[in-house]
Amino acid sequence: LSCKVLSSVVTPCYCFVSPQIRVKPDNTGVVTDGVKHSMNPFCEIAVEEAVKLKEKKLIKEVVAVSCGPQQSQETIRTALAMGADRGIHVDVSGKDYENLGPLQVSKILAALAKQEDAQLILLGKQAIDDDCNQTGQMTAALLDWPQGTFASEVSLEGDKINLVREIDGGLEHIKINTPAVITADLRLNTPRYATLPNIMKAKKKKIVTVKPADLGVDVTSRLEVLKVEEPPQRQAGMKVETVEDLVVKLKEAGRV
Amino acid sequence: MFPASRYSCQAHRCARLLQKIKTEHATPQLYTALHRRACSTVSTPRITTHYTIHPRDKDPRWEGVEMERFADEADVVIVGGGPAGLAAAIRLKQLANKHEKELRVCLVEKAPQIGAHTLSGACLEPSALTELIPDWKERGAPLNTPVTEDVFSILTEKYRIPVPILPGLPMQNHGNYIVRMGNLVRWLGEQAEELGVELYPGYAAAEVLFHEDGSVKGIATNDVGIAKDGSPKDIFERGMELHAKVTLFGEGCHGHLAKQLYNKFNLRENCEPQTYAIGLKELWMIDEKKWRPGRVEHSVGWPLDRNTYGGSFLYHLNEGEPLVALGFVVGLDYTNPYLSPFREFQRWKHHPFVAPTLEGGQRIAYGARALNEGGCQSIPKLTFPGGLLIGCSPGFMNVPKIKGTHTAMKSGMLAAEAIFPKLTAETLDSETAGLHVPEYAENLKNSWVWKELYAVRNIRPSFHNYFGLYGGMIYTGIFYWIFRGKEPWTLKHCGTDANQLKPAKECTPIEYPKPDGKISFDLLSSVALSGTNHEGDQPPHLTLKDDSIPVARNLGIYDGPEQRFCPAGVYEYVPLDTGNGMRLQINAQNCVHCKTCDIKDPSQNINWVVPEGGGGPAYNGM
């Protein structure tokens, strides 16, 4: 039973509840004005796991981190309402925020982990707005820490962690040293609701705001978005009666 | 009274009236899996599992579950984060700051963020806003589109009869603004937070709490973590109790808590039943060449017949992009159960006067909401010990103007002004534990709200004549435009909307054209655009008092009108798995919280209750 400080990352993502995502008229991105922002579902699972570990007294403190504009503080509050102890808001807004990608976030997390002397970083496996699935892995590489990704079961054993990973072939059991980075997959747990009394109590918990420059991180993007377009409209299919018809049609379309 | 005997009585009544209907009488002890499986082989499968119909204290699955609730105290609790609730909150805090008093004001709202459940045309009369926040322009209120053109038409199937809007007619919009109400409400929320109001979006008020003396003590938010079959999940958590000296109920049109309060305090004994309409709305990004910012278009007539109240609106917004807000309103006192407000809306868009605006455009949003039309004849008693009703919940809409936001906001402000001195008085002068503030109702009667509503009180009821729409317009022309509503009589409405439906066999089905996918659309793709969603594993919040009535009565006599009046496809009659007969399927996840079913169900069997907070539509600036 060893006590550690745990840093749990919470990514606010644009939860596009409406399937009608609109591309901006100038094709530089999607419209985000007024769209509901909420905590990334995989990050909710990560926060839940962190809070569970704290409740089992295996770790000392849960710190929720979010990178983004002022609204990100709402997402941190939800994490605080679920049981995190304090929050760190890394203030990135405007153009910087639009270009913020996994590389920049992992640099920020690595810097914070060193600053906070964290022993464990728990993140969601990927964000549902960009589906990158890179931040956890990059953070581990930058810190030179072991990583346990797609975790569906986590247990601490002394100063090592037993992990079950969901992989294409089935389930993989691994044991990794601490300090480590773990990314949460869907079946790790079912996150608790942030109830109203907890939201009210969370208003009293501390959120500290820092800038990436304070951490020595440069957030300029290495990528340039050239164009964003809607996927092409799905064309109607065609029914054919016989195999011969199919071959004829394929030849006509130049596919054979 | 145990649920078992309640079912027996109702079922026997059904059986007597409608020949043999076999219904399973559920006895409380048998809510086991076994019994549920047995139920499904009988003609009325169990539909409703909500605890408001099947109480949990008699349910063995809930034995031993911790039901204690955390409670907190505030000075004022406001239910509903719409224009009325927010105006009241803002006014209370303004008064508190001015008089240097501490006041804890908590506002709960079922939408996941303030403005996400707001839907309105809308042409705003800025009078109330200017009274509330005189420097709204400097503060960046989203009133960006002053009305520049006002057009009114009577439509026939192919043509359009222009109607001049003479100054003094209620639908004249000079000085008003076209707004995206969701954005205005969101801005009001920001103003409220700045003043120190505690806003809690994502938490629905599910229950009214009472003191022992019967006065209102506050509200309790919804429980979370109840499974679809009504049993507790591992993550079950009780809602929280918010106690207050006085509670303001601003749930909007046909609120579910207001419905309970009407019964408990007999608030409707001296007024007429409320009458309603359903409003459906879409936002379109149109071709720039067709865009005329500031233009307001209204129409009546086609596709509705002269005896069905309703009409359309089309507003060109001016917020930097060629956006129009358009929609259709149908009075819910329509008589033909085959009428589908959604499909009337879709076919109206094809009219030669409307379609050209939309050609080449793209639909980006859809939603629907009921609105009240009863005017001052239908306003209930507004105050009761411990609480008040504000906004569209009691209903202050000026129907011919089609505006209710300015009166809703003013009612919120008047409520705040009436409560404040009582709250901050040296001694709490009240007979009951919850404060009774009858001054609010008196102040409202003396304000411009009442004068305005009184002047137009006869316009809507004047449509109930043989000439329908045309009779109503003539009445408006003579008595409102010339005589300003000073006639000494007050016309009555026709009774509740639910009672107006004629049996299906007396009516002809309406042939609606198929949607073309460019201007008109099908229901399901429209519902998808509303962004509505609910946690799937929760009891359906469209509860039925009696599960057997839909097939027996609604389908049997009225051919299932809920399949047509629901703008979200929640109700479907599907064949039973056993092959013979139909059952009602409730797709509760589609619900857009419009309340039309609770209003129009001819059997008044549907009781809309609030689902888990945070669920529902995700309107963005509607």
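The values are calculated or read from the model by the stated rules, or taken from the named source; none is laboratory data. Owing to the predicted nature of the structure, the values given are computational and were not obtained by experimental measurement. Methodologically, a virtual Cβ is constructed for each residue, glycine included, from the backbone with ideal geometry; neighbour enumeration extends over all protein chains shown.
So, in the stretch A:61-86, of the ones that are more than 16 Å from the chain's Cα centre (by Cα) and surrounded by 24 or more Cβ atoms within 10 Å (Cβ to Cβ), which residue ends up nearest to A:V181 (Cα to Cα)? So, considering only residues that are more than 16 Å from the chain's Cα centre (by Cα) and surrounded by 24 or more Cβ atoms within 10 Å (Cβ to Cβ), the one nearest to A:V181 (Cα to Cα) is A:V62.
Note on the stretch B:217-234: residues that are more than 23 Å from the chain's Cα centre (by Cα) and more than 12 Å from chain A (Cβ to nearest Cβ) total 7. Of everything in the stretch B:340-381 that is of a type in the set (S, T, N, Q) and assigned to a strand (DSSP E or B), the residue that is nearest to B:D522 (Cα to Cα) is B:Q362.
One residue is enough: does the stretch B:578-587 have a residue meeting the conditions without any contact (Cβ under 8 Å) to a residue 12 or more places away in the chain and not hydrophobic (A, V, I, L, M, F, W, C)? Yes - at least one qualifying residue is present in the stretch B:578-587. A count restricted to the stretch B:498-544 and to residues that are in contact with a helix residue (DSSP H, G or I) (Cβ under 7 Å, 6 or more places away or on another chain) and of a type in the set (G, A, S) stands at 4. Here B:Y366 fulfils each of the conditions (1) within 25 Å of B:H117 (Cβ to Cβ); (2) more than 14 Å from chain A (Cβ to nearest Cβ) apart from (2). Sub-6 Å Cβ pairs linking a first residue in the stretch B:473-495 that is farther than 23 Å from B:I154 by Cβ to a second residue that is part of a helix (DSSP H, G or I), at least 6 apart or interchain, are B:R484/B:A455; B:E487/B:F479; B:H493/B:P461, ordered by first then second residue. Of all residues in the stretch B:235-280 being basic (K, R) and either under 19 Å from B:G391 (Cβ atoms) or in a loop (DSSP other than H, G, I, E, B) (or both), which is nearest to the other protein chains (Cβ to nearest Cβ)? Taking the candidates together, the pick is B:R238. When the stretch B:36-63 is limited to residues that are more than 21 Å from B:Q538 (Cβ to Cβ) and of a type outside the set (K, R), the one that is modelled with the highest pLDDT turns out to be B:T44. No other residue among A:K251, A:K227 is part of a loop (DSSP other than H, G, I, E, B) and either away from chain B (no Cβ under 14 Å) or buried (at least 17 other Cβ atoms within 10 Å of the Cβ) (or both) apart from A:K227. Just one of the listed residues (B:F328, B:F249, B:F313) is more than 30 Å from B:Y470 (Cβ to Cβ) and touching a residue at least 12 places away in the same chain (Cβ under 8 Å), namely B:F249. Which of the residues belonging to the stretch B:521-531 are crowded, with 18+ Cβ neighbours inside 10 Å and either within 8 Å of chain A (Cβ to nearest Cβ) or without any contact (Cβ under 8 Å) to a residue 12 or more places away in the chain (or both)? Across the stretch B:521-531, the qualifying residues are B:L529, B:S530, B:G531.
Going through the stretch B:285-339 one residue at a time, which ones are more than 14 Å from chain A (Cβ to nearest Cβ), of a type in the set (A, V, I, L, M) and in a strand (DSSP E or B)? Result: B:V296, B:V300, B:L314, B:V324, B:A325, B:L326, B:V329, B:V330.
Look at the stretch A:187-201: where a residue is facing chain B (nearest Cβ under 8 Å) and in a helix (DSSP H, G or I) and a partner is β-branched (V, I, T) and surrounded by 19 or more Cβ atoms within 10 Å (Cβ to Cβ), sitting 6+ places away or on another chain with Cβ atoms under 9 Å, you get A:L196/B:V108; A:L196/B:T221; A:I199/A:T78.
Evaluate the following for A:A180: is it surrounded by 14 or more Cβ atoms within 10 Å (Cβ to Cβ), away from chain B (no Cβ under 14 Å) and within 16 Å of the chain's Cα centre (by Cα)? It is false that A:A180 is surrounded by 14 or more Cβ atoms within 10 Å (Cβ to Cβ), away from chain B (no Cβ under 14 Å) and within 16 Å of the chain's Cα centre (by Cα).
Every residue, every condition in (1) outside any helix (DSSP H, G or I); (2) more than 18 Å from B:P567 (Cα to Cα); (3) among the aliphatic types (A, V, I, L, M), yes or no:
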{"position": "B:G495", "(1), (2), (3)": "yes, yes, no"}
{"position": "B:A498", "(1), (2), (3)": "no, no, yes"}
{"position": "B:K502", "(1), (2), (3)": "yes, yes, no"}
{"position": "B:Y512", "(1), (2), (3)": "yes, no, no"}
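The numbered conditions (1) more than 22 Å from B:K259 (Cβ to Cβ); (2) within 14 Å of chain A (Cβ to nearest Cβ); (3) part of a loop (DSSP other than H, G, I, E, B) are all true for B:G613 except (1). Residues in the stretch B:64-89 that are within 14 Å of another protein chain (Cβ to nearest Cβ) and touching a Lys or Arg at 6+ places or on another chain (Cβ under 8 Å): B:E66, B:E68, B:R69, B:F70, B:E73, B:A74. What number of residues in the stretch B:457-492 are at negative phi, out of contact with any Leu (no Cβ under 7 Å at 6 or more places or on another chain) and part of a loop (DSSP other than H, G, I, E, B)? So the count comes out to 15.
B:S215 falls short on exactly one of the conditions (1) buried (at least 23 other Cβ atoms within 10 Å of the Cβ); (2) within 21 Å of B:A441 (Cβ to Cβ), and that condition is (1). Residues in the stretch A:97-120 that are over 15 Å from A:C67 (Cα atoms) and in contact with a strand residue (DSSP E or B) (Cβ under 7 Å, 6 or more places away or on another chain): A:E116, A:D117, A:A118, A:Q119, A:L120. Of all residues in the stretch A:202-214, those satisfying the criterion of being more than 14 Å from every other protein chain (Cβ to nearest Cβ) and in contact (Cβ under 8 Å) with a residue 24 or more places away in the chain are A:K205, A:K206, A:I207, A:V208, A:T209, A:V210, A:K211, A:P212.
A quick yes/no check of all residues on (1) under 22 Å from the mean Cα position of the chain (by Cα); (2) assigned to a loop (DSSP other than H, G, I, E, B):
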position	(1), (2)
B:S520	no, yes
B:S526	yes, no
B:P539	yes, yes
B:A552	no, no
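The single condition from (1) among the charged types (D, E, K, R); (2) touching an Asp or Glu at 6+ places or on another chain (Cβ under 7 Å); (3) under 15 Å from A:A194 (Cβ atoms) that A:E61 fails is (3).
Output the residue which, of all residues in the stretch B:121-136 that are within 12 Å of B:M409 (Cβ to Cβ) and in contact with a strand residue (DSSP E or B) (Cβ under 8 Å, 6 or more places away or on another chain), is surrounded by the most Cβ atoms within 10 Å (Cβ to Cβ). My answer is B:L124. Closer than 27 Å to B:L435 by Cα and more than 24 Å from the chain's Cα centre (by Cα): does that describe B:K245? Yes: the conditions hold for B:K245.
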